[in-house]
Amino acid sequence: MDTSRIVGNEALKRELNRNFHAYIIEGPHGSGKTTLAKLIAQGNVCISEGVRPCGKCPSCVKFLADCNIDIKYIPADTDVKNMRAAISDIYVRPNESEKRCYIIEDCDDLSVQCQNVLLKSLEEPPQFSVFILTCTSKEKLLETIRSRCVVLTLAPVRNEDAEKFFAQSRFDKYSPQQKQAAINLSEGFLGKAIEVLEGASYGVYNLCESFTNACLDGAVGEAVKIASFKTREELQSFVRNLSVYIAARMRSGEKKDVHRLFAFSEAVNSLVKQVEFNVNVKLWNVVLVMRCMGAVSLSKRG
Ligand SMILES: [Zn+2]
């Protein structure tokens, strides 16, 4: 199979050279589960004699236009009746491909009843049916399902692979520092890194950058506005991300304010562990601002 679209994950790519009738793709948010599910599906419906998927055969063209009827998407939050209906054609030959694929994404939400309906099909699968399930963790699925599927676990990509990926021209508008920070914040999962860069979901990068700059500029009001987290999880996640962000910013070789950045980073790092235990979010929003701004202003004087 042509796996050039997948970054890193060499062991997983080798698995794709064999054919299976059922896959579980597991990985965190932004790890590329959907991309991989679609690649496997396209590879299975492609009718090229050469390397699959070819991207050119009638079946691939339909896939790329989102209208290949040999690929069925089943929502994971479906009920038993609809699940039965959705897979009622598994013993019917595919329309124009050798295989028919059923993709069920986000199986973390798939009910036990629906899994049991699925199980019957996985136990006696016809040659021409392929099931592709995605989830954040295979543990969310019944052992009986897991044992009938090959599990593909998406791993974070190496820094150099991520850098190569972000060297594509569509990312030219971002600075090397921004890209590196996004890679670090996303812990090597490219989908998440793209979200951080493009601010599509939560704008973590922008938030960390704004908070750091507010502290460096002595803009208390701005820092307080950012540090107004509602839940402990939000606060913890921000402090962790801030710690990674500031490390990346220091590595990027910023010449200005080096000492103050260092003091800021020390303050943030000491907070990472402390906020894991403390539950009073309102109080710790204030502590976060005071410690960070305090460290920066002390360093200025020294
Ligand atoms: Zn093709």
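The values are calculated or read from the model by the stated rules, or taken from the named source; none is laboratory data. Everything numeric in this text was worked out from a predicted model, so none of it was measured. Cβ sites come from the backbone with ideal geometry, for glycine too, and all protein chains shown count toward neighbours.
The number of residues in segment 29-43 being near the ligand (Cβ under 10 Å from one of its atoms) and in contact with a Lys or Arg (Cβ under 6 Å, 6 or more places away or on another chain) comes to 1. Restricted to helices (runs of 4 or more DSSP H) entirely inside segment 191-302, those with at least 2 residues that are more than 30 Å from G27 (Cα to Cα) and in contact (Cβ under 8 Å) with a residue 24 or more places away in the chain are 204-217, 220-226, 258-277, 281-301. Is it true that K81 is surrounded by 15 or more Cβ atoms within 10 Å (Cβ to Cβ) and more than 9 Å from the ligand (Cβ to nearest atom)? Against the criterion (surrounded by 15 or more Cβ atoms within 10 Å (Cβ to Cβ) and more than 9 Å from the ligand (Cβ to nearest atom)), K81 does not qualify. Go through the residues of segment 249-260 one by one and say whether even a single one is surrounded by 14 or more Cβ atoms within 10 Å (Cβ to Cβ), modelled with pLDDT of 85 or more and acidic (D, E). The answer is no, given that none of the residues of segment 249-260 is surrounded by 14 or more Cβ atoms within 10 Å (Cβ to Cβ), modelled with pLDDT of 85 or more and acidic (D, E). Per the conditions (1) surrounded by 20 or more Cβ atoms within 10 Å (Cβ to Cβ); (2) out of contact with any Cys (no Cβ under 7 Å at 6 or more places or on another chain), the sole criterion not satisfied by P53 is (2).
One residue stands out in segment 62-77 among those that are of a type in the set (V, I, T) and buried (at least 18 other Cβ atoms within 10 Å of the Cβ): the one that is farthest from R100 (Cα to Cα), namely I74. Residues in segment 221-241 that are more than 15 Å from W284 (Cα to Cα) and at pLDDT 90 or above were compared, and the one that is surrounded by the fewest Cβ atoms within 10 Å (Cβ to Cβ) is G221. Of the residues L39, L16, L12, the single one that is over 18 Å from the mean Cα position of the chain (by Cα) and closer than 26 Å to L190 by Cα is L16.
Screening the candidates S129, S121, S59 for the property of being of a type in the set (G, A, S), surrounded by 18 or more Cβ atoms within 10 Å (Cβ to Cβ) and within 16 Å of the ligand (Cβ to nearest atom) yields one hit, S59.
Could you tell me whether segment 98-111 includes any residue that is within 16 Å of the ligand (Cβ to nearest atom), surrounded by 14 or more Cβ atoms within 10 Å (Cβ to Cβ) and acidic (D, E)? Yes, segment 98-111 contains a residue that is within 16 Å of the ligand (Cβ to nearest atom), surrounded by 14 or more Cβ atoms within 10 Å (Cβ to Cβ) and acidic (D, E).
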